[in-house]
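Taking it in order: structure first as structure tokens, then the write-up.
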Amino acid sequence: MTIKDVAALAGVSLGTVSNYLNGTRTVSPDTRARIERAIEVTHFVPNRAVRTLRGNRTHTVGLLVPDAGNPFFTEIARGVEDRARERGDVLVYCDTAGDPERQSLYIRRLAEMRVGGLVISATASMPPDLGDLESVGTPIVVVGGEGMALRTSRVTFDHRLGGELAMRHVLELGHRQILYAGGPGGELVIQARYQGALAALAEYGDAELHRVDATGRSARERGELADEIMAMRPRPTAVLCGNDLIAIAIANKLIRAGRAVPGDVAIVGYDDITDAQLAVVPLTTVRQPAYQIGTSAAELLFERVDDPVTPHREISFAPELIVRDSSGRSPRGMSPGAVPSRG
């Protein structure tokens, strides 16, 4: 869509739309509302840099993630940036904090800047018009979004299978009272991991799974889940966590409270960030190769940048269970290797 389409739909002149976009002349509130509605309906992306760039794409790549404080996303960013730098491009790294409005704002502003392309970590609030942005020349690659109907290239990971691997691990150690600890920031994948845990649990007749979620993304808010664990009756003997940051925060607070990990509570994380191996009690976790995910996303993106008619592609990665000290051998009072009976 062009500025002419916006003007026609809003019932104003091209000059009025131009004045609104460039701020060169004040337009009435009613006219402003009609223009903004027309832009929304037509998915028009104004080029605010056109006066200096003359419509050319900039040597920049945008990356949107739901939690920039998570080292997993930092590794993805490093992978994208390394590939971008090889081409002489610069990475613009945006933290949406899981906020749909913030996400939409970043997507539109980056498109207005005429970035070379966008890599976006999938969220439950993924905007439906990503394909429309590609139609105006902004190539997009989505990281995640398994099962979502998106007209883009994507890098996927079997989070459901990862949840199954984590659950099977603690079940085979003999745990029967199990807790799943989730939280905000990447809810889409955390939910998929939870569904995988439920699928594995369904094969056993006498094991129970409960769920709690952190109220925020800070270490304090994640660590507060340890208080809930200690207050539960019966107390869970194993905790599966939506990501490594949740797992490490819970483990640290339990240890400070005098609980033994894994003696009192076994803990399993997800992602295998660097701190997982360096933790006071090295963390059992499900590994996904964040750096390789980033480089793969960049490669898919640059395929589309270099040739916009290149067919969309998908690159998939499989999860791997990494067993360390935090899951231990078996809960107290149960023979090592005991497995709950199957239903």
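No value in this document is a laboratory result; all are computed from the given coordinates. Model, not experiment: these values are computed from the prediction. Neighbour counts run over all protein chains shown; Cβ positions are idealised from the backbone, glycine included.
At a glance:
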read-out: Cα gyration tensor shape for region 68-207, rounded if a/c is under 1.5, else prolate or oblate; value: prolate
read-out: For the chain, built as a Gaussian network whose Cα springs stay under 10 Å, the top-fluctuating residue of 236, 308, 66; value: 308
read-out: Distant-in-sequence amide H partners of residue 156 (H built 1.01 Å from N, under 5 Å); value: 144, 315, 316, 317
read-out: Placed amide H near residue 141: partners under 5 Å, 5+ positions off or other chain; value: 118, 119, 120
read-out: Cα-projected label distance for residue 40 with residue 4, points at 7 Å along beta-carbon direction, nm; value: 2.6
read-out: Leading residue at positive end of dipole, region 3-42 (Cβ point charges), from 8, 41, 18; value: 18
read-out: Taking the C-alpha atoms of region 3-42, convex hull volume expressed per residue in Å³; value: 53
read-out: Taking the C-alpha atoms of region 151-282, convex hull volume expressed per residue in Å³; value: 111
read-out: On Cα atoms only, tilt of 244-256 relative to the major axis of the chain in degrees; value: 40
read-out: The chain: radius of gyration and largest Cα-Cα distance (Dmax), Å; value: 23.8, 80
read-out: Residues whose placed amide H lies under 5 Å from that of residue 97, excluding near-sequence neighbours; value: 67, 68
read-out: The chain - share of DSSP beta bridges that are antiparallel (%, nearest 5); value: 10
read-out: Spin-label pair residue 317/residue 97, simplified geometry with 7 Å Cα→Cβ offset, distance in nm; value: 2.7
read-out: Helix axis angle, 187-201 relative to the chain longest principal axis, alpha carbon, degrees; value: 30
read-out: Helix 29-42 vs. the chain, principal-axis angle (Cα, 0 to 90°, nearest 10); value: 70
read-out: FRET efficiency estimate (nearest 0.05) - Cβ-Cβ, residue 275 to residue 87, R0 22 angstrom; value: 0.10
read-out: For region 294-310, 3J(HN,Hα) per residue [Karplus equation, 6.51 cos²θ - 1.76 cosθ + 1.60, θ = phi - 60°, Hz, x = Gly/Pro]; value: x, 5, 5, 4, 5, 5, 4, 5, 5, 4, 6, 5, 6, 8, x, 8, 4
